[in-house]
Amino acid sequence: MASRARSLFAAAAVVAAVALGGGVAGADPAVAAPGPSDVPLPGAATDLPGADDPSCIPSPRHPDPVVLVHGTWSNARATWSTLAPELQAQGYCAFALNYGQPALLEPDNLLRLWGGADIRDSAKQLATFVDAVRERTGAAKVDIVGHSQGGTMARQYLKFEGGADLLDPARNKVDTLVTLGATNHGTTYNEKQLLGKVAELFGFPVQDAAAVAVGPSAVQQMVGSPFLDVLNAGGDTVPGITYTVVASRDDTVSTPPENTFLQAGPGAAVSNLWVQDTCPGARVDHTGLTSKPAAVALVLRGLDPSSVVDPATACSDPE
(Lines give C-alpha, C1' and ligand atoms only; values in the text may rest on other atoms or scores of the structure.)
Protein backbone atom coordinates (compact mmCIF):
# COMPACT_ATOMS: atom_id res chain seq x y z
CA MET A 1 0.00 0.00 0.00
CA ALA A 2 2.79 2.43 0.89
CA SER A 3 4.57 1.63 -2.37
CA ARG A 4 1.38 2.27 -4.36
CA ALA A 5 0.81 5.55 -2.55
CA ARG A 6 4.36 6.69 -3.35
CA SER A 7 3.82 5.79 -7.01
CA LEU A 8 0.59 7.80 -7.16
CA PHE A 9 2.24 10.78 -5.51
CA ALA A 10 5.21 10.65 -7.87
CA ALA A 11 2.96 10.40 -10.88
CA ALA A 12 0.88 13.31 -9.69
CA ALA A 13 4.03 15.39 -9.27
CA VAL A 14 5.22 14.56 -12.79
CA VAL A 15 1.90 15.43 -14.34
CA ALA A 16 1.33 18.53 -12.20
CA ALA A 17 4.64 19.87 -13.49
CA VAL A 18 3.13 20.02 -16.93
CA ALA A 19 -0.39 21.30 -16.19
CA LEU A 20 -2.27 22.57 -19.20
CA GLY A 21 -3.37 25.83 -17.72
CA GLY A 22 -4.96 23.39 -18.90
CA GLY A 23 -21.93 8.53 -35.05
CA VAL A 24 -22.88 12.20 -34.81
CA ALA A 25 -26.25 12.95 -33.28
CA GLY A 26 -28.74 15.19 -35.02
CA ALA A 27 -29.12 18.80 -33.94
CA ASP A 28 -32.56 20.26 -33.36
CA PRO A 29 -33.29 23.94 -34.10
CA ALA A 30 -33.12 26.25 -31.10
CA VAL A 31 -36.25 27.37 -29.32
CA ALA A 32 -37.34 30.56 -31.07
CA ALA A 33 -38.60 32.51 -28.07
CA PRO A 34 -36.13 32.83 -25.17
CA GLY A 35 -37.30 33.75 -21.73
CA PRO A 36 -35.21 35.81 -19.30
CA SER A 37 -34.31 33.89 -16.20
CA ASP A 38 -32.15 34.43 -13.16
CA VAL A 39 -31.59 30.69 -12.83
CA PRO A 40 -27.94 29.95 -13.67
CA LEU A 41 -27.28 27.73 -16.64
CA PRO A 42 -26.00 24.24 -15.77
CA GLY A 43 -22.29 24.55 -15.04
CA ALA A 44 -22.21 28.30 -15.65
CA ALA A 45 -19.35 30.31 -14.20
CA THR A 46 -21.45 32.91 -12.41
CA ASP A 47 -18.38 34.66 -10.97
CA LEU A 48 -16.93 35.77 -14.34
CA PRO A 49 -17.48 39.45 -15.23
CA GLY A 50 -18.68 39.85 -18.80
CA ALA A 51 -20.23 36.40 -19.09
CA ASP A 52 -23.49 34.60 -18.31
CA ASP A 53 -25.70 37.68 -18.22
CA PRO A 54 -29.20 36.15 -18.02
CA SER A 55 -30.73 39.17 -19.78
CA CYS A 56 -28.33 39.20 -22.75
CA ILE A 57 -30.04 38.70 -26.11
CA PRO A 58 -27.74 38.36 -29.15
CA SER A 59 -27.71 41.35 -31.50
CA PRO A 60 -28.15 41.22 -35.29
CA ARG A 61 -24.47 42.05 -35.65
CA HIS A 62 -23.39 39.16 -33.41
CA PRO A 63 -26.29 36.69 -33.53
CA ASP A 64 -24.34 33.72 -32.18
CA PRO A 65 -23.65 33.59 -28.43
CA VAL A 66 -20.03 32.79 -27.60
CA VAL A 67 -19.34 29.84 -25.31
CA LEU A 68 -15.96 29.98 -23.54
CA VAL A 69 -14.32 26.67 -22.63
CA HIS A 70 -11.30 26.63 -20.31
CA GLY A 71 -8.49 24.07 -20.25
CA THR A 72 -7.10 21.39 -17.97
CA TRP A 73 -6.86 22.13 -14.25
CA SER A 74 -8.12 25.66 -14.74
CA ASN A 75 -11.53 27.34 -14.53
CA ALA A 76 -13.55 29.94 -16.37
CA ARG A 77 -12.70 32.90 -14.16
CA ALA A 78 -8.96 32.26 -14.24
CA THR A 79 -8.95 31.72 -18.00
CA TRP A 80 -11.37 34.30 -19.40
CA SER A 81 -11.08 37.33 -17.10
CA THR A 82 -9.70 39.37 -20.02
CA LEU A 83 -11.62 37.99 -22.98
CA ALA A 84 -15.12 37.84 -21.46
CA PRO A 85 -15.35 41.58 -20.67
CA GLU A 86 -13.87 42.36 -24.09
CA LEU A 87 -16.51 40.26 -25.81
CA GLN A 88 -19.19 42.01 -23.80
CA ALA A 89 -17.77 45.39 -24.82
CA GLN A 90 -17.87 44.31 -28.46
CA GLY A 91 -21.58 43.49 -28.17
CA TYR A 92 -21.40 39.70 -27.83
CA CYS A 93 -23.38 37.56 -25.43
CA ALA A 94 -20.70 35.43 -23.77
CA PHE A 95 -21.29 32.35 -21.64
CA ALA A 96 -18.67 30.31 -19.79
CA LEU A 97 -18.83 27.02 -17.95
CA ASN A 98 -16.71 25.10 -15.49
CA TYR A 99 -16.51 21.45 -16.46
CA GLY A 100 -14.76 18.20 -15.85
CA GLN A 101 -14.53 18.13 -12.07
CA PRO A 102 -14.78 14.64 -10.63
CA ALA A 103 -17.39 14.09 -7.96
CA LEU A 104 -16.52 15.73 -4.66
CA LEU A 105 -16.29 12.40 -2.85
CA GLU A 106 -14.75 10.45 -5.74
CA PRO A 107 -12.11 8.28 -4.04
CA ASP A 108 -10.03 7.70 -7.18
CA ASN A 109 -9.07 11.33 -7.72
CA LEU A 110 -6.77 13.02 -5.25
CA LEU A 111 -6.95 16.64 -6.37
CA ARG A 112 -10.45 17.12 -7.85
CA LEU A 113 -9.49 19.84 -10.32
CA TRP A 114 -11.66 21.36 -13.03
CA GLY A 115 -10.90 19.92 -16.44
CA GLY A 116 -9.39 16.75 -15.05
CA ALA A 117 -12.18 14.32 -15.94
CA ASP A 118 -12.45 12.10 -19.00
CA ILE A 119 -12.73 14.40 -22.01
CA ARG A 120 -15.59 12.34 -23.39
CA ASP A 121 -17.63 13.01 -20.26
CA SER A 122 -16.71 16.70 -20.33
CA ALA A 123 -17.98 16.92 -23.92
CA LYS A 124 -21.36 15.73 -22.68
CA GLN A 125 -21.35 18.56 -20.15
CA LEU A 126 -20.57 21.01 -22.93
CA ALA A 127 -23.46 19.61 -24.97
CA THR A 128 -25.87 20.28 -22.10
CA PHE A 129 -24.49 23.78 -21.63
CA VAL A 130 -24.72 24.70 -25.33
CA ASP A 131 -28.32 23.52 -25.49
CA ALA A 132 -29.12 25.64 -22.43
CA VAL A 133 -27.47 28.70 -23.98
CA ARG A 134 -29.42 28.24 -27.20
CA GLU A 135 -32.67 27.87 -25.30
CA ARG A 136 -31.93 30.88 -23.08
CA THR A 137 -31.01 33.18 -25.99
CA GLY A 138 -33.15 31.78 -28.81
CA ALA A 139 -30.04 31.44 -30.99
CA ALA A 140 -29.92 28.64 -33.54
CA LYS A 141 -26.13 28.31 -33.20
CA VAL A 142 -23.29 29.29 -30.92
CA ASP A 143 -19.64 30.05 -31.47
CA ILE A 144 -17.07 28.39 -29.20
CA VAL A 145 -13.70 29.65 -28.01
CA GLY A 146 -11.63 26.90 -26.38
CA HIS A 147 -8.26 27.15 -24.66
CA SER A 148 -5.96 24.13 -24.55
CA GLN A 149 -8.07 21.07 -23.67
CA GLY A 150 -11.12 23.29 -24.18
CA GLY A 151 -10.50 23.37 -27.92
CA THR A 152 -9.90 19.65 -28.15
CA MET A 153 -12.93 18.86 -26.01
CA ALA A 154 -15.06 21.12 -28.19
CA ARG A 155 -14.03 19.02 -31.20
CA GLN A 156 -15.13 15.90 -29.31
CA TYR A 157 -18.49 17.60 -28.76
CA LEU A 158 -18.80 18.47 -32.45
CA LYS A 159 -17.96 14.99 -33.64
CA PHE A 160 -19.61 12.74 -31.08
CA GLU A 161 -22.02 14.68 -28.85
CA GLY A 162 -24.38 16.43 -31.25
CA GLY A 163 -22.56 19.69 -31.88
CA ALA A 164 -22.53 18.96 -35.60
CA ASP A 165 -24.71 16.96 -37.98
CA LEU A 166 -22.71 15.19 -40.68
CA LEU A 167 -25.84 14.46 -42.71
CA ASP A 168 -27.16 18.02 -42.62
CA PRO A 169 -24.54 20.62 -41.62
CA ALA A 170 -27.23 23.32 -41.76
CA ARG A 171 -28.48 21.80 -38.50
CA ASN A 172 -25.14 22.19 -36.73
CA LYS A 173 -25.38 23.77 -33.29
CA VAL A 174 -22.01 25.48 -33.75
CA ASP A 175 -20.99 27.92 -36.47
CA THR A 176 -17.42 28.84 -35.52
CA LEU A 177 -14.77 27.22 -33.32
CA VAL A 178 -11.75 29.24 -32.24
CA THR A 179 -9.03 27.27 -30.46
CA LEU A 180 -6.07 28.68 -28.52
CA GLY A 181 -3.10 26.38 -28.00
CA ALA A 182 -5.42 23.40 -28.25
CA THR A 183 -3.96 19.91 -27.91
CA ASN A 184 -5.58 18.86 -31.17
CA HIS A 185 -2.86 16.39 -32.13
CA GLY A 186 -1.47 15.85 -28.68
CA THR A 187 1.25 17.38 -26.59
CA THR A 188 4.60 16.10 -25.43
CA TYR A 189 4.31 18.40 -22.40
CA ASN A 190 7.55 20.08 -23.47
CA GLU A 191 9.19 16.66 -23.86
CA LYS A 192 8.27 15.59 -20.32
CA GLN A 193 6.19 12.82 -21.87
CA LEU A 194 9.48 11.29 -22.99
CA LEU A 195 10.61 11.12 -19.36
CA GLY A 196 7.42 9.25 -18.54
CA LYS A 197 8.02 6.76 -21.32
CA VAL A 198 11.53 6.10 -20.02
CA ALA A 199 10.12 5.56 -16.52
CA GLU A 200 7.59 3.08 -17.90
CA LEU A 201 10.39 1.12 -19.56
CA PHE A 202 11.67 0.52 -16.03
CA GLY A 203 8.27 -0.65 -14.84
CA PHE A 204 6.83 2.56 -13.39
CA PRO A 205 3.18 2.92 -14.58
CA VAL A 206 3.27 6.69 -15.08
CA GLN A 207 0.19 7.04 -17.28
CA ASP A 208 -2.07 4.78 -15.27
CA ALA A 209 -1.00 6.29 -11.96
CA ALA A 210 -1.32 9.86 -13.26
CA ALA A 211 -4.84 9.20 -14.53
CA VAL A 212 -5.84 7.98 -11.08
CA ALA A 213 -4.08 10.79 -9.25
CA VAL A 214 -5.34 13.82 -11.17
CA GLY A 215 -7.91 12.53 -13.65
CA PRO A 216 -7.54 11.05 -17.14
CA SER A 217 -7.69 14.18 -19.29
CA ALA A 218 -3.95 14.94 -19.12
CA VAL A 219 -3.11 11.43 -20.30
CA GLN A 220 -5.73 11.61 -23.05
CA GLN A 221 -3.96 14.68 -24.45
CA MET A 222 -0.57 13.02 -24.83
CA VAL A 223 0.77 12.52 -28.33
CA GLY A 224 -0.42 9.17 -29.65
CA SER A 225 -3.12 8.59 -27.05
CA PRO A 226 -5.98 6.24 -27.98
CA PHE A 227 -8.41 9.09 -27.29
CA LEU A 228 -6.78 11.32 -29.90
CA ASP A 229 -6.54 8.46 -32.38
CA VAL A 230 -10.33 8.14 -32.26
CA LEU A 231 -10.98 11.89 -32.27
CA ASN A 232 -8.82 12.51 -35.33
CA ALA A 233 -9.75 9.38 -37.27
CA GLY A 234 -11.36 10.31 -40.58
CA GLY A 235 -10.12 13.89 -40.51
CA ASP A 236 -9.65 16.87 -38.23
CA THR A 237 -12.84 18.76 -39.08
CA VAL A 238 -16.57 18.32 -39.60
CA PRO A 239 -18.62 19.94 -42.38
CA GLY A 240 -20.21 23.33 -41.88
CA ILE A 241 -17.81 24.59 -39.20
CA THR A 242 -15.40 27.51 -39.55
CA TYR A 243 -12.23 26.86 -37.54
CA THR A 244 -9.67 29.43 -36.39
CA VAL A 245 -6.66 27.78 -34.78
CA VAL A 246 -4.28 30.07 -32.90
CA ALA A 247 -0.81 29.02 -31.79
CA SER A 248 2.20 30.73 -30.24
CA ARG A 249 5.82 29.82 -30.84
CA ASP A 250 6.38 30.49 -27.11
CA ASP A 251 3.94 27.79 -25.98
CA THR A 252 5.78 25.30 -23.78
CA VAL A 253 2.70 23.40 -22.59
CA SER A 254 0.95 22.41 -25.82
CA THR A 255 4.05 21.15 -27.60
CA PRO A 256 5.23 21.15 -30.24
CA PRO A 257 2.93 24.14 -30.78
CA GLU A 258 2.30 23.31 -34.43
CA ASN A 259 0.54 20.13 -33.28
CA THR A 260 -2.47 22.35 -32.67
CA PHE A 261 -3.02 23.07 -36.36
CA LEU A 262 -5.88 21.39 -38.21
CA GLN A 263 -6.29 20.26 -41.79
CA ALA A 264 -9.57 21.22 -43.41
CA GLY A 265 -11.81 18.42 -44.60
CA PRO A 266 -14.82 18.61 -46.92
CA GLY A 267 -17.22 21.44 -46.13
CA ALA A 268 -15.03 23.04 -43.43
CA ALA A 269 -12.83 26.13 -43.45
CA VAL A 270 -9.63 26.31 -41.37
CA SER A 271 -7.33 29.25 -40.63
CA ASN A 272 -4.13 28.20 -38.85
CA LEU A 273 -2.53 31.29 -37.31
CA TRP A 274 0.70 31.99 -35.47
CA VAL A 275 0.41 34.95 -33.10
CA GLN A 276 3.88 35.97 -34.19
CA ASP A 277 2.79 36.28 -37.84
CA THR A 278 0.49 39.10 -36.74
CA CYS A 279 2.86 40.54 -34.16
CA PRO A 280 6.49 39.59 -34.89
CA GLY A 281 8.48 39.23 -31.70
CA ALA A 282 5.41 38.99 -29.47
CA ARG A 283 6.02 36.93 -26.35
CA VAL A 284 2.88 34.90 -25.70
CA ASP A 285 3.01 31.79 -23.55
CA HIS A 286 0.29 29.15 -23.17
CA THR A 287 -1.71 31.15 -20.67
CA GLY A 288 -1.16 34.39 -22.56
CA LEU A 289 -3.14 33.00 -25.48
CA THR A 290 -6.28 33.89 -23.49
CA SER A 291 -5.27 37.42 -22.53
CA LYS A 292 -2.48 39.01 -24.58
CA PRO A 293 -3.73 41.72 -26.98
CA ALA A 294 -2.38 39.92 -30.05
CA ALA A 295 -4.23 36.71 -29.20
CA VAL A 296 -7.44 38.52 -28.23
CA ALA A 297 -7.40 40.34 -31.57
CA LEU A 298 -7.15 37.03 -33.42
CA VAL A 299 -10.06 35.64 -31.42
CA LEU A 300 -12.21 38.62 -32.37
CA ARG A 301 -11.29 38.21 -36.03
CA GLY A 302 -12.04 34.50 -35.83
CA LEU A 303 -15.50 35.25 -34.48
CA ASP A 304 -16.10 38.07 -36.96
CA PRO A 305 -14.00 38.16 -40.16
CA SER A 306 -14.84 41.86 -40.57
CA SER A 307 -12.96 42.62 -37.34
CA VAL A 308 -9.79 44.53 -38.19
CA VAL A 309 -6.58 43.64 -36.38
CA ASP A 310 -4.80 46.92 -35.66
CA PRO A 311 -1.10 46.15 -35.10
CA ALA A 312 -0.69 49.36 -33.11
CA THR A 313 -3.13 48.00 -30.55
CA ALA A 314 -2.76 44.24 -30.91
CA CYS A 315 1.02 44.28 -30.83
CA SER A 316 1.36 46.58 -27.85
CA ASP A 317 1.70 44.81 -24.56
CA PRO A 318 1.96 47.00 -21.45
CA GLU A 319 3.15 44.10 -19.30
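The values are calculated or read from the model by the stated rules, or taken from the named source; none is laboratory data. Values in this document were obtained by computation on a predicted structure and should not be read as measured data. Methodologically, a virtual Cβ is constructed for each residue, glycine included, from the backbone with ideal geometry; neighbour enumeration extends over all protein chains shown.
Filtering segment 298-315 to residues that are under 19 Å from residue 59 (Cα atoms) and not in a helix (DSSP H, G or I) leaves 304, 305, 306, 307.
Taking the numbered list (1) small (Gly, Ala, Ser); (2) modelled with pLDDT under 90; (3) surrounded by fewer than 24 Cβ atoms within 10 Å (Cβ to Cβ); (4) part of a loop (DSSP other than H, G, I, E, B) in turn, residue 21 passes all entries but (3).
For segment 37-50, how many residues meet the condition of being part of a loop (DSSP other than H, G, I, E, B), in contact with a helix residue (DSSP H, G or I) (Cβ under 8 Å, 6 or more places away or on another chain) and either β-branched (Val, Ile, Thr) or under 13 Å from residue 80 (Cβ atoms) (or both)?
Let us first name the residues in segment 37-50 that are part of a loop (DSSP other than H, G, I, E, B), namely 37-43, 45-50.
Filter again for in contact with a helix residue (DSSP H, G or I) (Cβ under 8 Å, 6 or more places away or on another chain), leaving 37, 41-43, 45, 47-50.
Add one more test, that the residue is either β-branched (Val, Ile, Thr) or under 13 Å from residue 80 (Cβ atoms) (or both), and what stays is 45, 47-50.
Qualifying residue count for the region: 5.
Only one of the numbered conditions (1) under 17 Å from the mean Cα position of the chain (by Cα); (2) β-branched (Val, Ile, Thr); (3) within 26 Å of residue 73 (Cβ to Cβ) is violated by residue 275, and that is (1). Checking every residue in segment 279-288 against the condition of being assigned to a helix (DSSP H, G or I), crowded, with 22+ Cβ neighbours inside 10 Å and either among the polar types (S, T, N, Q) or at negative phi (or both) gives at least one match. Selection of first residues in segment 27-55 that are more than 15 Å from residue 75 (Cα to Cα) and among the acidic types (Asp, Glu) and of second residues that are at pLDDT 65 or above and part of a loop (DSSP other than H, G, I, E, B), restricted to Cβ pairs under 8 Å at least 6 apart or on distinct chains, gives the following pairs, ordered by first then second residue: 38/54; 53/93.
Just one of the listed residues (240, 234, 186, 215) is at pLDDT 95 or above and crowded, with 23+ Cβ neighbours inside 10 Å, and it is 186.
Test residue 84 against the criterion of being over 19 Å from residue 297 (Cα atoms) and either at pLDDT 90 or above or touching a Leu at 6+ places or on another chain (Cβ under 8 Å) (or both), and give yes or no. Step through it out loud before you land on a result.
Values: over 19 Å from residue 297 (Cα atoms): no; either at pLDDT 90 or above or touching a Leu at 6+ places or on another chain (Cβ under 8 Å) (or both): yes.
Taking the combined requirement at face value, the residue does not satisfy it.
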